[in-house]
1. Where in segment 1-92 are there GluC sites (Glu not before Pro) that are in a DSSP coil and have at most 16 other Cβ atoms within 10 angstrom of their Cβ?
2. Given a 1.4 angstrom probe, what's the average accessible area per residue across segment 7-125, in square angstrom?
3. Computed FRET efficiency, Cβ-Cβ of Asp146 and Asn316, R0 41 Å: what is it to the nearest 0.05?
4. Kirkwood Rh and Cα-based Rg: tell me the resulting Rg over Rh for segment 302-377, rounded to two decimals.
5. Could you compute Rg(Cα) / (2.2 N^0.38 Å) for segment 12-158, with N its residue count?
6. Looking at the chain as a GNM with Cα springs under 10 Å, which of Thr285, Thr194, Thr60 has the largest mean-square fluctuation?
7. Using +1 on the beta carbon of Lys and Arg, -1 on that of Asp and Glu, and nothing else charged, what's the dipole of segment 21-90 about the Cα centre, debye to 20?
8. Calculated from DSSP H runs of 4 or more alone, at -39500 (n - 2.57) each and per residue, what is the 222 nm mean residue ellipticity of the chain, nearest 500?
Amino acid sequence: MNTKIWLSSPHMGTNEFKNVKEAFDTNWIAPLGPHVDGFERDLAEFLGEGVHVAALSSGTAALHLALIMLGVQAGDEVICQSMTFSASANPIAYQGATPVFVDSEDRTWNMSPDLLEAAIEDRISKGKKPKAIIVVHLYGMPAEMDRIMAIADLFAIPVVEDAAEALGSTYKGRKLGTFGAMSILSFNGNKIITTSGGGALVSNNEAHIKQARFLATQARDAAPHYQHSHIGYNYRMSNVCAAIGRGQMDVLLDRVQQRRANYSFYREELSAIPAIQFAEEPNATYYSNRWLSTVLVDDSQGVSREDIRLALEKENIESRPLWKPMHLQPVFEGAPYYGDGTSERLFDQGLCLPSGSNMTDEQRRRVVNCIKACFTQ
Ligand SMILES: Cc1ncc(COP(=O)(O)O)c(C=O)c1O
């Protein structure tokens, strides 16, 4: 059997282990400590725009706290991109609110500004103004932020930017994760950098970030005993995970280049196959970290996305269909949805190719040879 090629596996640099050892040597094994403060500073410096950062146990926890900070409560409605991972939408349900799903556009595969505007107008006409808008930068590709922010501003609805997959991407030269009233990042094991598990909440509003840190550490009031005036959460990142994160920040820009090189390689090797279409950056103002390289497969040539996925699987190569839209998920059945079928088509035709920044030339060659063979049989 050929050795396994993973979709996106962790890729450590040289400083991570040194930092973790230092955390052990100094016995900072708690969900607080100098590496947590340092990781927050590193992230804030990298993102720029004067943001503040709270390091948390996951991107999902960050989304949950973002909705809490924005006052989302039971009975509220929150607009969410339909085409995404379920973690973008689940925190809406944690708050007892209702998700209103909005379809994607062809250009970026992210939230369609036209459908967003239509959805907001329709919800308002039905008597309920959405409390927040969750926009996602899928696979690292920036959403059309100018138009989305303009629509959100017009209706005075705060944007939560789900940049879980998009650290290192930029839109009009500005880092993703700095556009939303609240933004989130993920450092899950498959992401462009990882802390084994973790996330961050980002905002220009320092008071919100301070409050998020307070809520994330069980909402302990200032008292020598345990005193609580709020419901709290255990959502803080540990000092050991943050030690890994600081080392990963040292190599983030290399990881972006390595993932972008994967995309360029696949594109060069496979673009002669007319059935395969790549997710291009719409113009030079969109800069994707290419967290995952993704393609669409037009099955009218006789080879489907599933044919390719199964052929890769036979060769011990992991690939995966694009995210199944939330409006098609049984758990969100009946939730309001505004769409034109774009995300359904993307889901039917789309495939994520192995995209790890630690892939060797030989591994990438195995992937393209296997895909090419699907079209020559
Ligand atoms: C788009 C998106 N949002 C949210 C998350 C949740 O992040 P986490 O796994 O750190 O909770 C992920 C990834 O896991 C994601 O891909």
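1. On the way: sites: Glu16, Glu22, Glu40, Glu45, Glu49, Glu77; in loops: Glu49.
Counting only loop positions with at most 16 other Cβ atoms within 10 Å, the GluC sites (Glu not before Pro) in segment 1-92 are Glu49.
2. Spelled out: the 1.4 Å probe surface of segment 7-125, per residue, equals 38 Å².
3. That gives a FRET efficiency of 0.40.
4. 1.09
5. Working: Rg = 18.5 Å, N = 147, 2.2 N^0.38 = 14.7 Å.
So segment 12-158 has a normalised radius of gyration of 1.26.
6. Thr285
7. Numbers: 2 positive and 9 negative charges, 35 e Å.
Approximately 160 debye in magnitude.
8. About -11500 deg cm²/dmol.
The values are calculated or read from the model by the stated rules, or taken from the named source; none is laboratory data. Computed from a predicted structure; not experimentally measured. Note: ideal-geometry Cβ built from the backbone for every residue, glycine included; neighbour counts use all protein chains shown. Note: areas computed on protein heavy atoms with side chains; ligands, DNA, RNA excluded. Shrake-Rupley method; radii C 1.70, N 1.55, O 1.52, S 1.80 Å.
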